[in-house]
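K.L.:
Right, I'll just put the structure down here and ask away after.
The values are calculated or read from the model by the stated rules, or taken from the named source; none is laboratory data. Owing to the predicted nature of the structure, the values given are computational and were not obtained by experimental measurement. No Cβ is skipped: glycine too gets one built from the backbone with ideal geometry, and neighbour counts run over all protein chains shown. To get the accessible areas, we keep the full protein, side chains included, count just its heavy atoms, and leave off ligands, DNA and RNA. Shrake-Rupley method; radii C 1.70, N 1.55, O 1.52, S 1.80 Å.
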Amino acid sequence: MVQIVLVLAVVIVSLALMRGGSNARHLAIRRIMLVLFACVAGLSIFFPGMLTHIARFFGIGRGTDLVLYGLIVSFLVFMATTYQRFRHMETTLTKLSRRVALDEVNRSQSPAAAAREIARGAAPSEPGTNGSAAG
């Protein structure tokens, strides 16, 4: 029974983390989970027998097994959030690189020459060229 609940929890948490971004609701959920984890960890350190009783209540033999299952779920959540952050940083870096490249072209080319090329319907030429295809 517990194994089914754990698998469902992993699937649901993974889907929720993959779907959503870093809005205030996700940040609040992460903070609540961190506080709950800290409370449970502190209680399990001071009262290790209580962890075994909780594990047996859920049908798990030992408290250390319960901790292992919690660690697996936590690791999967960490992987999902790290992947999301990495994807967000890649997107931001790509946009920033494009902006810098456009600014470099615009800064190195005279505004009058860029305006003439845009008016002709041609893309602005690279710095140091006269705007012709033969260059």
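K.L.:
Kindly provide the set of residues from segment 99-111 that are assigned to a helix (DSSP H, G or I), at pLDDT below 80 and open to solvent by less than 60 Å² (accessible area, probe 1.4 Å), ordered by number. It would help to see each step written out before you state the result.
P.N.:
Here is the first cut: in segment 99-111, the residues assigned to a helix (DSSP H, G or I) are 99-108, 111.
The next check asks that each one be at pLDDT below 80; those that pass are 104-108, 111.
Val105, the sole residue that qualifies.
K.L.:
Quickly run through segment 2-31 and pick out the residues that are among the hydrophobic types (A, V, I, L, M, F, W, C) and at pLDDT 70 or above.
P.N.:
Going residue by residue through segment 2-31, those that are among the hydrophobic types (A, V, I, L, M, F, W, C) are 2, 4-13, 15-18, 24, 27-29.
Once the filter is applied, which keeps residues that are among the hydrophobic types (A, V, I, L, M, F, W, C) and at pLDDT 70 or above, segment 2-31 yields Ile4, Val5, Val7, Leu8, Ala9, Val11, Ile12, Ala24, Leu27, Ala28, Ile29.
K.L.:
Mind listing just one residue for me: the one in segment 57-98 that is under 27 Å from His26 (Cβ atoms) and among the basic types (Lys, Arg) and, of those, least open to solvent (accessible area, probe 1.4 Å)?
P.N.:
Per the criteria, the residue is Arg87.
K.L.:
May I ask you to verify whether Ala122 is open to solvent by 80 Å² or more (accessible area, probe 1.4 Å), outside any helix (DSSP H, G or I) and modelled with pLDDT under 80?
P.N.:
Considered against the rule, which asks whether it is open to solvent by 80 Å² or more (accessible area, probe 1.4 Å), outside any helix (DSSP H, G or I) and modelled with pLDDT under 80, Ala122 comes out as no.
K.L.:
Also: Given (1) surrounded by 13 or more Cβ atoms within 10 Å (Cβ to Cβ); (2) closer than 21 Å to Val11 by Cβ, where does Leu36 come up short, assuming only one miss?
P.N.:
With respect to (1) surrounded by 13 or more Cβ atoms within 10 Å (Cβ to Cβ); (2) closer than 21 Å to Val11 by Cβ, Leu36 is out only on (1).
K.L.:
For residues that are over 24 Å from Val11 (Cα atoms) and open to solvent by 80 Å² or more (accessible area, probe 1.4 Å), scanning just segment 44-56, find the one that is modelled with the highest pLDDT.
P.N.:
Residues of segment 44-56 that are over 24 Å from Val11 (Cα atoms), as a first pass: 44-53.
In the following step, the residues that additionally are open to solvent by 80 Å² or more (accessible area, probe 1.4 Å) were identified as 45-48, 53.
Values: Ile45: 80, Phe46: 83, Phe47: 83, Pro48: 82, His53: 90.
Among those that are over 24 Å from Val11 (Cα atoms) and open to solvent by 80 Å² or more (accessible area, probe 1.4 Å), it is His53.
K.L.:
If I ask for residues that are in contact (Cβ under 8 Å) with a residue 12 or more places away in the chain and either in contact with a strand residue (DSSP E or B) (Cβ under 8 Å, 6 or more places away or on another chain) or of a type in the set (S, T, N, Q) (or both), which ones from segment 71-90 would you list?
P.N.:
Ser74, Thr81, Gln84, listed by residue number.
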